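The values are calculated or read from the model by the stated rules, or taken from the named source; none is laboratory data. As the structure is a computational prediction, the values presented were derived from the model and not from experiment. Note that we place each Cβ from the backbone using ideal geometry, even for glycine, and neighbour counts take in every protein chain shown.
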Amino acid sequence: MEFGPIIRALKRNKVRFLLIVVQIAITLAVVTNAITMIRDEGQKMLKRSGFDDDNIVWVRSKPFSPAFKDQAYRISTVNADLRAIQGIPGVVAVANTNFLPWQGGGSSGEMAVGGGDGSKYRTQTYTTTPGILDALGVHLVSGRLLRDTDLDDDPNSKAPATVIISRDLEKLMFNGKSAVGRQLLDSGNSISNIVGVFDPFYNPYGWPIHEYAVMFAGHVSRSGAMYLVRVKPGTMKQIAPLIEKRMLQANNGRNIQMQTIDEIKDRYFTQGRIVRGAMSMVISLIVLVTGLGIVGVTAFSVTERRKQIGTRRALGATKGAVLRYFLLENWIVTNAGLILGVAAAYGLNILLVTKTAGAKLDWRFVVAAVVLLWLQGIIATLIPAMRATRFSPVIATRGE
């Protein structure tokens with residue numbers, strides 16, 4: 001089959017075929033980047049926090065009694081809550097803290113190494129009572145746990161705070177050396193003593209500080225106390241009502257709100273599931289539209305060339321030769337679109353990575369999309385091309 005006649009035929013209908021070239025290019029660019037987004041969201045959903053997510057419940061005390069305006073009263077109530085919750089059979093551990101796993105944000109600040117070069121590092125920062133590691137189900141890897149004697153609730157205190165930090169933050173700030181016994185400085189140059197290092201830790205955040213965290217010893221009670229309670233596997237439904245009951249028995253001047261970490265995590269990934277569903281729909285629709293476009297253009301070309309096909313058949317062209325003609329024509333058009341589409345795919349990905357912190361395009365997705373569109377082009381062309389092979393030379397050359 002000579003390329004010359006096909007190229008000349010394409011030039012005579014260049015607008016029609018140029019639209020298909022552009023459509024294929026757009027399809028390749030959109031499909032590859034949409035698959036990248038689906039893969040990226042899927043990987044986020046598979047990310048493990050390292051916490052015992054299935055067995056942790058978040059409890060919030062929302063006071064309405066005027067007595068809670070007094071700090072000493074609030075702290076006394078928190079301590080009573082901790083004793084009451086810990087006394088429930090099946091409760092593994094409880095901590096009063098403003099840390100909430102999988103909330104998609106939280107508290108953060110810049111920290112520097114005491115006595116270091118002054119370099120500052122962004123990290124998540126939370127306040128907690130002792131018991132936080134057991135409540136999360138993570139492990140102390142060096143140093144010691146927080147103790148009740150570390151708690152300092154005096155807002156005017158000048159004494160250094162006591163903290164434990166994540167192992168990834170230790171690696172980042174101390175270059176592989178132990179952080180235990182060292183000090184941190186916050187943006188106001190307040191000093192904190194590091195007494196322990198824990199691992200693992202992952203909590204999604206608006207900035208890329210997912211593995212970095214500092215836990216300060218202290219009570220959290222200003223706008224309502226918050227607790228993380230870890231229970232034995234399979235006991236959540238039985239223990240959750242008891243938690244509320246025990247807390248209200250200790251102090252009924254508040255309302256109690258509870259959510260399991262699984263519920264919070266599920267809510268966090270709602271947007272990701274929407275993105276995956278939307279991108280899957282976009283891929284399906286754009287591939288379908290492109291396929292229909294190829295079918296339409298090829299069908300129109302077949303109808304338009306009835307006399308030409310009939311003449312070739314009368315001169316001895318076989319059905320296979322007619323079929324090859326249209327397949328080769330489609331191959332040329334598809335390749336032109338794919339070449340343009342590869343450039344467009346990477347260009348779009350660079351824009352997404354720069355503007356939205358999206359994931360980089362995997363070349364394997366590009367190859368897979370190219371193969372998909374090649375196959376689609378062949379299948380979409382075969383349908384009308386097979387009809388062309390069935391034209392009778394007599395009927396095809398008959399005047400309209």
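Annotations
- Summed over the range 240-277, the residues that are within 17 Å of Gly224 (Cα to Cα) and aliphatic (A, V, I, L, M) give a count of 6.
- Residues within the range 190-213 that are out of contact with any Asp or Glu (no Cβ under 8 Å at 6 or more places or on another chain), touching a residue at least 60 places away in the same chain (Cβ under 8 Å) and either within 20 Å of Ala161 (Cβ to Cβ) or basic (Lys, Arg) (or both), tallied: 4
- Any pair with Cβ under 8 angstrom, 6 or more apart, that starts in the range 28-48 at a residue that is over 23 Å from Gln376 (Cα atoms) and ends at one that is modelled with pLDDT under 80: Asp40/Gly358; Asp40/Ala359
- Contacts under 7 angstrom Cβ, first residue in the range 143-158 being not assigned by TED's automatic domain parsing to the domain that holds Lys177, partner among the charged types (D, E, K, R), 6 or more apart: none
- The residues listed here are Ile256, Ile261; of these, the one that is touching a Leu at 6+ places or on another chain (Cβ under 7 Å) and at pLDDT 90 or above is Ile256.
- Flag for Asn335 being in the same structural domain as Thr290 (by TED's automatic domain parsing), among the polar types (S, T, N, Q) and free of Cβ contacts under 8 Å to residues at least 40 places away in the same chain: yes
- Within the range 55-109, if we keep just the residues that are in a helix (DSSP H, G or I) and of a type in the set (S, T, N, Q), the residue that is nearest to Trp207 (Cα to Cα) turns out to be Asn55.
- Flag if Ala29 is among the small types (Gly, Ala, Ser) and either within 16 Å of Ile339 (Cβ to Cβ) or in contact with a Pro (Cβ under 8 Å, 6 or more places away or on another chain) (or both): yes
- Residue match in the range 318-332 (condition: under 30 Å from Lys44 (Cα atoms), modelled with pLDDT of 75 or more and of a type in the set (Val, Ile, Thr)): no
- Matching residues in the range 123-166 - criterion: being in a helix (DSSP H, G or I) and under 22 Å from Gly206 (Cβ atoms): Leu136
- Whichever residue in the range 364-400 is loosely packed, with under 12 Cβ neighbours inside 10 Å and of a type outside the set (Gly, Ala, Ser) and, among such residues, is modelled with the lowest pLDDT: Glu400
- Of all residues in the range 256-289 being free of Cβ contacts under 8 Å to residues at least 12 places away in the same chain and of a type in the set (S, T, N, Q), the one that is nearest to Ile379 (Cα to Cα): Ser284
- Extreme residue, surrounded by the most Cβ atoms within 10 Å (Cβ to Cβ), among residues of the range 72-100 that are among the polar types (S, T, N, Q) and closer than 17 Å to Ala250 by Cα: Asn96
- Among the residues making up the range 214-251, those that are free of Cβ contacts under 8 Å to residues at least 24 places away in the same chain and loosely packed, with under 14 Cβ neighbours inside 10 Å are Ser223, Gly234, Lys237, Pro241, Lys245.
- Some residue of the range 122-141 being touching a Phe, Trp or Tyr at 6+ places or on another chain (Cβ under 9 Å) and more than 26 Å from Ile261 (Cα to Cα): no
- Looking at Pro233, Pro241, just one residue is farther than 30 Å from Leu172 by Cβ and in a loop (DSSP other than H, G, I, E, B), and that residue is Pro233.
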